[in-house]
Structure formats: C-alpha cells, structure tokens
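*Asks:* First, the structure itself, so that you have it in front of you.
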Amino acid sequence: MLNETTVNKLNEMKLTTMSRAFKEQLSNPNMAQMSFEDRFSLIVDQEWTSRKNNQLKRLIKRAKFAEAGACVEDIEYHSDRNLEPSTIERLATCEYIHEKHNVILLGATGCGKTYIACALGMSAVRQFMSVKYVRLPDLLTDLAIARSNGTYRKIIDQYKKPKLLILDEWLLYPLKETEARDLLEIAEARYRKASTVFCSQFDIPGWREKIGEPILADAICDRIVHDSYNVVIKCKESMRKRTGVKNDA
C-alpha cells in the first residue's frame, strides 16, 4: 500500500520517469542487494536523463532548423570546399557563443552554408542553449506584418533573446530603409550580448551597398563585422548536386 501511494504521489508531481523506475526496481529482486543510496541514485539518474532529453527535443523544435538533421560530425570536407576541420571543430565547442562573438559564413549558392550553420546551431542546442534559425526575408516579412498589427515589439524581442540567432540568406536582396532600421535594432540589442551566424552569398565589402542608407549601413556592419569569425566556403560543385539523387545514364 505504501509503495502504491508513493507511485501515485510521483505521478501527481509529474515525476513519471521516476515513478516508472521505482516500479521497475520493486519488480526486480536483484535490486534488493543494492543499498538504498545506490537504488535512489539510479532512479534520480533516469528522471534527470529523461528531463534533459525532453529539454533537448524542445530546443530543437523551437530552433526551427532548415536542416533538422544537421550535425558537425556529418560535414563533408571535400578538397574544393576550403573548409578546415579544425575551424569547424573549434566553432562546435561554442566558445564563440560564450565570448559573445559572431560567425559569418560566406559562399556561393549550393556550397552548404545553411547546413553548416544548422550544424553549428545543433552544437549549441546540445549544450542546452537557445537557438533560432530564420531566413532574413522571412524575418523582415514578420516584422513588417507585426508593425501593421501592433505586435512589433513582441516579434522583434523573439529575435533578440536567443543565445544563437542564425540569419540565412543575409542581404540576399537590397533593403528598404525601414528594414535596415529593424536590423540595426536587432544588431544593437545582440552586440556583445549574444551571438549570430550570418550566411551570405556576398562578400562583406558589398554589404553596405545592399543595406543602402550609408549611416545605417555603417552602424549595422560596425556591430557585426569586427566581432565575427569569417569562414569562406568554396565549391566547384553544388552540395545539392553531390548529395542529390543519382540517375544512372
């Protein structure tokens, strides 16, 4: 009766894994040979592991990665990609996030910027950091809609808070002045407070022209460029072609 009451209390407190582990121990006669401390430690370990796994799943879901299965272990280092394993391994430690620095991934379409960015994001999630992935065109659309319906502050805060923000398709299109002002607010809010990964097809000297208004361009670039690690990715053949379906002739 006492054991049944204990199980019910654990379930009521939503300690379901601990409850299940306790019942498993009760049905296992070999557990009687272990000390109370060891048995209790096993139960706590199972509950802790379950909660950490659930937390990890939530972080991955909230990140909304474009490449949900990306991980640094699966990055391909073809000779024509100009990728140094040591560079990726260093970034995968997430030390740059602890130091509040950024990462700029530069390369042509198809070179694998998005995959690498998501893989670095997954490394951060594995350390239980909050991550958000978004295409810059989608971010700007979200803010334009939010400005019209009165939720601007709420939406822009969503882009200020994550420990790591991944901005894909950075400056793919020239910006309007209102869009440049939005980006300046985000860049200012995250400057030396949180980290951002930028994925861009365009070399950094061309960013100012894409941003447009010179003062805003200088302000945005000044808050990004000088605090960033740059990774230039090259490829003679698109990674989409390399990893796509092979049709026999």
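The values are calculated or read from the model by the stated rules, or taken from the named source; none is laboratory data. Bear in mind that the values here come from a model prediction, so they are computed numbers and not experimental data. Glycine gets a Cβ as well: all are built from the backbone with ideal geometry, and neighbour counts include every protein chain shown.
*Asks:* Does the stretch 74-87 include one or more residues that are crowded, with 17+ Cβ neighbours inside 10 Å, within 23 Å of Thr196 (Cβ to Cβ), of a type in the set (A, V, I, L, M) and in contact (Cβ under 8 Å) with a residue 12 or more places away in the chain?
*Replies:* Scanning the stretch 74-87 turns up at least one residue that is crowded, with 17+ Cβ neighbours inside 10 Å, within 23 Å of Thr196 (Cβ to Cβ), of a type in the set (A, V, I, L, M) and in contact (Cβ under 8 Å) with a residue 12 or more places away in the chain.
*Asks:* Return the residues of the stretch 97-112 that are touching a Leu at 6+ places or on another chain (Cβ under 9 Å) and modelled with pLDDT of 95 or more; say none if nothing qualifies.
*Replies:* Ile97, Val103, Leu105
*Asks:* When residues of the stretch 85-137 are filtered for being farther than 30 Å from Pro174 by Cβ, among the small types (Gly, Ala, Ser) and more than 14 Å from the chain's Cα centre (by Cα), how many remain?
*Replies:* 1
*Asks:* Kindly indicate whether Asp203 is modelled with pLDDT of 95 or more and among the acidic types (Asp, Glu).
*Replies:* Considered against the rule, which asks whether it is modelled with pLDDT of 95 or more and among the acidic types (Asp, Glu), Asp203 comes out as no.
*Asks:* Does the stretch 57-78 include one or more residues that are among the basic types (Lys, Arg) and over 30 Å from Tyr115 (Cβ atoms)? Reasoning before the result, please.
*Replies:* Taking the stretch 57-78 first, the residues among the basic types (Lys, Arg) are 57-58, 61-62, 64.
Right, trim to over 30 Å from Tyr115 (Cβ atoms) and you get none.
Among the residues of the stretch 57-78, not one is among the basic types (Lys, Arg) and over 30 Å from Tyr115 (Cβ atoms), which makes the answer no.
*Asks:* For the stretch 125-142, what are the residues that are of a type in the set (Val, Ile, Thr) and buried (at least 18 other Cβ atoms within 10 Å of the Cβ)?
*Replies:* Initial filter on the stretch 125-142 (of a type in the set (Val, Ile, Thr)): 125, 131, 134, 141.
Within the stretch 125-142, Val125, Val131, Val134 meet the criteria.
*Asks:* Scan the stretch 95-114 for residues that are among the hydrophobic types (A, V, I, L, M, F, W, C), in a loop (DSSP other than H, G, I, E, B) and surrounded by fewer than 20 Cβ atoms within 10 Å (Cβ to Cβ) and jot them down.
*Replies:* Of everything in the stretch 95-114, just one residue is among the hydrophobic types (A, V, I, L, M, F, W, C), in a loop (DSSP other than H, G, I, E, B) and surrounded by fewer than 20 Cβ atoms within 10 Å (Cβ to Cβ), namely Ala108.
*Asks:* Mind counting the residues in the stretch 206-237 that are among the basic types (Lys, Arg) and either closer than 14 Å to Trp170 by Cα or free of Cβ contacts under 8 Å to residues at least 60 places away in the same chain (or both)?
*Replies:* Total meeting the criteria: 3.
One line per residue, one yes/no per condition, for (1) within 26 Å of Ala119 (Cα to Cα); (2) in contact with a His (Cβ under 9 Å, 6 or more places away or on another chain); (3) exposed (fewer than 13 other Cβ atoms within 10 Å of the Cβ):
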{"residue": "Leu167", "(1), (2), (3)": "yes, no, no"}
{"residue": "Ala180", "(1), (2), (3)": "no, no, no"}
{"residue": "Asp203", "(1), (2), (3)": "yes, no, yes"}
{"residue": "Ala219", "(1), (2), (3)": "no, no, no"}
{"residue": "Tyr229", "(1), (2), (3)": "yes, yes, no"}
{"residue": "Ile233", "(1), (2), (3)": "yes, no, no"}
